[in-house]
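Remarks on the structure that follows.
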Amino acid sequence: MGESPAGAGAGASGGGLAPAAPRMPETGAEAGVATLLPFLAPGARADLRAEAVRHVLALTGSGPGRALLASQAALLRALVELAAAPAPAPARDAARALVNLAAEPGLHEPLLEAEPALPARLLGRALDPEWPWAEEAAAVLANLSREPAPCAALMAVLAAAGPGGSGLERLVRALCTPGYNARAPLHYLGPVLSNLSQRPAARAFLLDPDRCVVQRLLPLTQFPDSSVRRGGVVGTLRNCCFEHRHHEWLLGPKVDILPFLLLPLAGPEDFCEEEMERLPVDLQYLPPDKQREPDADIRKMLIEAIMLLTATAFGRQQVRNQGAYLILRELHSWEPEPDVQVACEKLIQVLIGDEPEQGMENLLEVQVPEDVERQLQWLHQQEREQHSRKHPEELAPEPQAQGAAST
């Protein structure tokens, strides 16, 4: 098992953030864009400045337009200034343009070179409870933090203590507090936190038992109003599960993470009385209209988080004892997405399979030879191709409960 980037962000396409720009002729295109700069200055007429920003926003709706803007450092600086400027400046359109620019990893370096303080300025606006375009600021941060260098820069800003505590504490508070900003939902703080949780320092903060951060995040796995927020929180929890030294705490009574990971995967199935008693209380007697998590990527992350919790003998036993197999068995029968079905099968095989031999109980610490890893990757690809052809498969039945020694 290896850690992979969360990659959570706001895309330039699909989100409808910018209208398509008319194609500019190659000759003189840079000069044409440069003529916009005087109209973006603070002293420009408000209506002309707004029109200039709309034109820049339109350019960010296409790859060639974004590449053209990337070479205009002065214009990028002006755009950042406008995105943080109070009314009547067209801050929202400027911020939306930055969302689209930051959606391309190749443009992160030009953006940060043009304005090194960009992460700090965006964070200040995203966490300002009075700023009306805080969601757009958070979306820019979500895109920037997908890449290592901007993520490190943002972590450095968050590490500095402010009047309201550390930046990470303020971010978590804003994410977990309903109505924190009455004019901005702040859903994109979820992907921001997910991306930050790829870094050890962020995970150390999140998993500090004295801060109760994980416990505050858990209810958001069922947040009904935004898959962006749900996905960000689930990605954060999954990344935290890489820290196997914290598994006993995560699975124990102080956190009790497993029911929160299983509940979104559960449907309205009516289990027999014996099976029902094996499930955690929160998963028993679910209503007939209970819906599973509708987003396939989030379902897969939930499965991956549980898989990580089974890395140790203690974790495997805890997951077995709480009836996870029953939920996964029904999920597998229902699951329409091949990738998610494969992930579900792998987790089930861990739960119903034999315990690893002595010395290999912690699956996160097992060293896999390179030739074996290549073979496993090839087999994984074969499995994906098999499922893409939609061949029916049956799961092995769950073995009778046999206690596994905990470590």
Checklist line | Selection from region 315-343 of residues that are farther than 21 Å from residue 282 by Cα and open to solvent by less than 40 Å² (accessible area, probe 1.4 Å) | finding: 335, 338, 340, 341, 342, 343
Note to self: Criterion first (exposed (fewer than 15 other Cβ atoms within 10 Å of the Cβ) and not in a loop (DSSP other than H, G, I, E, B)) does residue 47 satisfy it?
What the structure shows: yes
Next item on the list: Determine which single condition residue 83 fails, assuming it passes every other condition in (1) open to solvent by 20 Å² or more (accessible area, probe 1.4 Å); (2) touching a helix residue (DSSP H, G or I) at 6+ places or on another chain (Cβ under 6 Å).
Entry: (1)
Next item on the list: Report, by residue number, each residue of region 176-204 that is open to solvent by less than 50 Å² (accessible area, probe 1.4 Å) and assigned to a helix (DSSP H, G or I).
Entry: 176, 189, 190, 191, 192, 193, 194, 195, 196, 202, 203
Item checked: Pair list, Cβ < 7 Å and 6+ apart or interchain, from region 260-271 residues that are outside the structural domain of residue 218 (by the TED database) to residues that are open to solvent by 50 Å² or more (accessible area, probe 1.4 Å) and assigned to a helix (DSSP H, G or I) -> 263/222; 263/282; 264/222; 267/334
Next item on the list: For region 205-225, enumerate the residues that are open to solvent by 10 Å² or more (accessible area, probe 1.4 Å) and among the polar types (S, T, N, Q).
Entry: 215, 222
Check: Checking residue 175 against (1) farther than 14 Å from residue 226 by Cβ; (2) under 18 Å from the mean Cα position of the chain (by Cα), which single condition isn't satisfied?
Finding: (1)
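Might you let me know whether region 133-141 holds any residue that is open to solvent by 20 Å² or more (accessible area, probe 1.4 Å) and either at pLDDT below 95 or within 19 Å of residue 78 (Cα to Cα) (or both)? Working first, answer last.
Here is the first cut: in region 133-141, the ones open to solvent by 20 Å² or more (accessible area, probe 1.4 Å) are 133, 135-136.
Subsequent filtering for residues that are either at pLDDT below 95 or within 19 Å of residue 78 (Cα to Cα) (or both) retains 133, 136.
Yes, region 133-141 contains a residue that is open to solvent by 20 Å² or more (accessible area, probe 1.4 Å) and either at pLDDT below 95 or within 19 Å of residue 78 (Cα to Cα) (or both).
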Notebook entry, point to check: Looking at region 248-310, what helices (runs of 4 or more DSSP H) fall wholly within it and have at least 3 residues that are out of contact with any Phe, Trp or Tyr (no Cβ under 7 Å at 6 or more places or on another chain) and open to solvent by less than 20 Å² (accessible area, probe 1.4 Å)?
Noted result: 258-262, 296-309
Item checked: Any chance residue 154 is touching a Pro at 6+ places or on another chain (Cβ under 6 Å), open to solvent by less than 20 Å² (accessible area, probe 1.4 Å) and assigned by the TED database to the domain that holds residue 190 -> yes
Check: Restricting attention to region 77-105, and to residues there that are among the acidic types (Asp, Glu) and assigned to a helix (DSSP H, G or I), which single residue is nearest to residue 62 (Cα to Cα)?
Finding: 93
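Going by the conditions given, is residue 112 more than 21 Å from the chain's Cα centre (by Cα) and not in a loop (DSSP other than H, G, I, E, B)?
For residue 112, the condition - more than 21 Å from the chain's Cα centre (by Cα) and not in a loop (DSSP other than H, G, I, E, B) - is met.
The values are calculated or read from the model by the stated rules, or taken from the named source; none is laboratory data. Given the structure is predicted, the values throughout are model-derived calculations rather than measurements. FYI the Cβ positions are ideal-geometry reconstructions off the backbone, even for glycines, and counts take in every protein chain you see. We work out accessible area using only protein heavy atoms, side chains counted, and drop any ligands, DNA or RNA first. Shrake-Rupley method; radii C 1.70, N 1.55, O 1.52, S 1.80 Å.
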